[in-house]
Amino acid sequence: MAAHLRLRGTLALVTGGGSGIGRAICARFAREGAQVAIADCDEAGAAQTLRGLQAGDHQALRVDVGCAKSVADLVAQIQARFSRPANVCVNCAGITMDEFLLKQTEEAFDAVLRVNLKGTFLVTQAVAKALVASGASGGSIINLGSIVGKVGNLGQVNYSASKAGVEALSKTAAKELARYGIRCNTVLPGFVRSPMTDKVPQKVLDKFAAMVPLGRLGEPEDVAEVCAFLASDDSRYITGASLEVTGGLFI
Ligand code: NAP
């Protein structure tokens with residue numbers, strides 16, 4: 001099958017699909033033939049992603065990934081709209097609330113863990129339950145971790161902890177879901193240009209860019225292409241893996 005149609009027959013749920021890396025993943029998946037459910041707490045962002053997609057049967061949906069009821073509603077809406085559960089899921093919704101450890105508040109710690117880690121748990125569990133209940137064979141769950149979950153980063157005690165948790169969650173999900181033919185992998189981006197990193201001071205971005213062996217910051221499409229590979233049958237023997245997409249940063 002032609003590479004650009006690797007995802008034909010796939011229904012992909014992409015959380016955080018209304019911005020940055022999630023939007024690039026939606027575009028890439030649609031180009032490869034997938035139907036895409038674009039889910040985000042930013043409804044306008046999700047609608048904008050939808051307008052930019054290649055023609056096909058796609059849907060923008062609202063979700064708060066940190067709320068179990070909202071996630072259950074999302075999965076039910078996908079079932080009603082497409083008459084089947086998503087067989088690919090990318091957990092891309094994420095937030096930062098950066099502050100040094102000595103100044104980090106309990107509220108900021110909880111808020112970041114709620115979206116990045118609990119949100120990944122809730123969506124992974126709900127999607128896997130729906131897939132298993134449907135009796136469908138196979139599936140691929142792709143979680144967005146971060147290289148800072150492995151190496152830490154100044155000012156990101158909450159964020160780096162949440163992303164380390166995502167990687168451990170993915171490995172456990174991979175072990176438990178393998179018997180159902182569902183794979184689960186983590187993508188670890190380095191520093192990627194997006195609204196999230198627009199908040200980072202330019203001098204900090206310049207410092208990291210200078211440290212990247214491949215000589216530049218990442219683009220959302222660099223991550224989207226790896227997600228398309230992990231969503232496709234080309235990665236059929238890969239589960240529980242963490243793929244660094246960093247341009248070689250911190251190797
Ligand atoms: P982004 O542009 O800020 O996109 C994140 C999206 O998630 C936004 O639309 C955001 O909506 C949405 N979101 C936030 N909280 C949510 C919730 N509770 N429920 C549903 N959606 C929610 O960030 P990005 O750079 O594309 O990052 C995407 C993922 O990659 C994140 O998990 C991030 O941690 C990870 N990552 C990014 C980088 C990087 O350098 N950019 C590096 C490593 C990992 P609002 O805008 O309304 O908050």
Tell me the residue from 23, 6, 31, 51 that is among the basic types (Lys, Arg) and within 8 Å of the ligand (Cβ to nearest atom), please. 23
May I ask you to list the residues in the stretch 238-251 that are buried (at least 19 other Cβ atoms within 10 Å of the Cβ) and either in a helix (DSSP H, G or I) or polar (S, T, N, Q) (or both)? 239, 246
If we only count strands (runs of 3 or more DSSP E) wholly inside the stretch 24-119, which ones have 2 or more residues that are at pLDDT 95 or above and under 18 Å from residue 162 (Cβ atoms)? 88-91
Tell me, please, whether a residue that is small (Gly, Ala, Ser) and either more than 9 Å from the ligand (Cβ to nearest atom) or in contact with a strand residue (DSSP E or B) (Cβ under 7 Å, 6 or more places away or on another chain) (or both) can be found in the stretch 191-204. no
Would the stretch 226-237 turn up any residue that is charged (D, E, K, R), surrounded by 16 or more Cβ atoms within 10 Å (Cβ to Cβ) and within 23 Å of residue 120 (Cα to Cα)? no
Only one of these is polar (S, T, N, Q) and under 17 Å from the mean Cα position of the chain (by Cα): 140, 134. Name it. 140
Can residue 72 be described as away from the ligand (no atom under 13 Å from the Cβ) and without any contact (Cβ under 8 Å) to a residue 24 or more places away in the chain? no
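So that you can scan it fast, the table gives a plain yes or no per residue for (1) surrounded by 14 or more Cβ atoms within 10 Å (Cβ to Cβ); (2) without any contact (Cβ under 8 Å) to a residue 12 or more places away in the chain:
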| residue | (1), (2) |
| --- | --- |
| 138 | no, no |
| 147 | yes, no |
| 157 | yes, no |
| 163 | yes, no |
| 178 | no, no |
| 189 | yes, no |
| 201 | no, yes |
Test: residue in the stretch 164-171 that is more than 30 Å from residue 102 (Cβ to Cβ), part of a helix (DSSP H, G or I) and among the small types (Gly, Ala, Ser): yes
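The values are calculated or read from the model by the stated rules, or taken from the named source; none is laboratory data. Every value quoted in this text rests on a predicted model; they were computed, and no experiment measured them. Cβ atoms come from the backbone with ideal geometry, glycine included; neighbour counts cover every protein chain shown.
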